[in-house]
Amino acid sequence: MFEIPILDANDSLTEVELDGVTYFLRLSWNSEAEQWVLSIENAYNELIVAGIAVVPDTPLLGGFRHLAVPAGELVARAPDRRDAISRKALPSGVVPLMYIEVDEVADGQI
């Protein structure tokens, strides 16, 4: 399990290697809904999935296993058990975006 660094911007694209596969994670701040939204692209910048609401302490990829999403799981960890993630909380690491690798998911660490 490791934290994915998030740029302090309303819209960012981060290249990450997850379980040996390169992905691009786009995180966008929706100011009207006051929430973060995740999109995932493959190594060729082809869109895999878009519009995933980043909800605290909730597995983000489970509903998209029929697509070529990462094999593990993405979770925004909220140690204070908050219901929402503010604009500053994700990039500051107060609520870190964590990747749980596929072998850790199989071991029940999520």
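Values in this text are rule-based calculations from the coordinates and carry no lab data. Here the structure is a predicted model, which means the values were calculated and not measured. Heads up, the Cβs are rebuilt from the backbone with ideal geometry, glycines too, and the neighbour counts pull from every protein chain shown.
May I ask for the net charge around Ser39, where only other residues with Cβ less than 14 Å from the Cβ of Ser39 are counted and Lys, Arg are +1 while Asp, Glu are -1?
Overall, the nearby charge balance is -3.
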**Message:** Loop only by DSSP, 16 or fewer other Cβ within 10 Å of the Cβ. Give me the trypsin sites (Lys or Arg not before Pro) in region 1-86 that pass, ordered by residue number.
**Reply:** Arg65, Arg77, Arg81, Arg82
**Asked** Is the shape of the chain rounded, prolate or oblate, going by the alpha carbon gyration tensor and its root eigenvalues a ≥ b ≥ c, with a/c under 1.5 for rounded and a/b larger than b/c for prolate?
**Response** oblate
**Message:** Apply the Karplus curve 6.51 cos²θ - 1.76 cosθ + 1.60, θ = phi - 60°, to the phi angles in region 69-80 and return the couplings in whole Hz, x for Gly and Pro.
**Reply:** 6, x, 5, x, 9, 9, 9, 8, 7, 10, x, 8
**Item:** Net charge of Cβ neighbours under 15 Å - reference Ile6; Lys, Arg +1; Asp, Glu -1
**Value:** 0
**Fill in**
Of all stretches in the chain that avoid GluC sites (Glu not before Pro) placed in a DSSP loop and having at most 10 other Cβ atoms within 10 Å, the longest is 47-110
**Message:** What does the extension gain come out to for Ile4 and Asp80, with contour length at 0.36 nm per residue minus their alpha carbon separation?
**Reply:** 25.4 nm
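What 222 nm value per residue comes from the helices of the chain, counting each DSSP H run with n ≥ 4 as -39,500 (n - 2.57) and dividing by all residues, nearest 500 deg cm²/dmol?
Dividing the helical sum by the residues of the chain leaves -1500 deg cm²/dmol.
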**Complete:** Subtracting the Cα-Cα distance of Val37 and Asp103 from 0.36 nm times their residue separation yields 21.2 nm
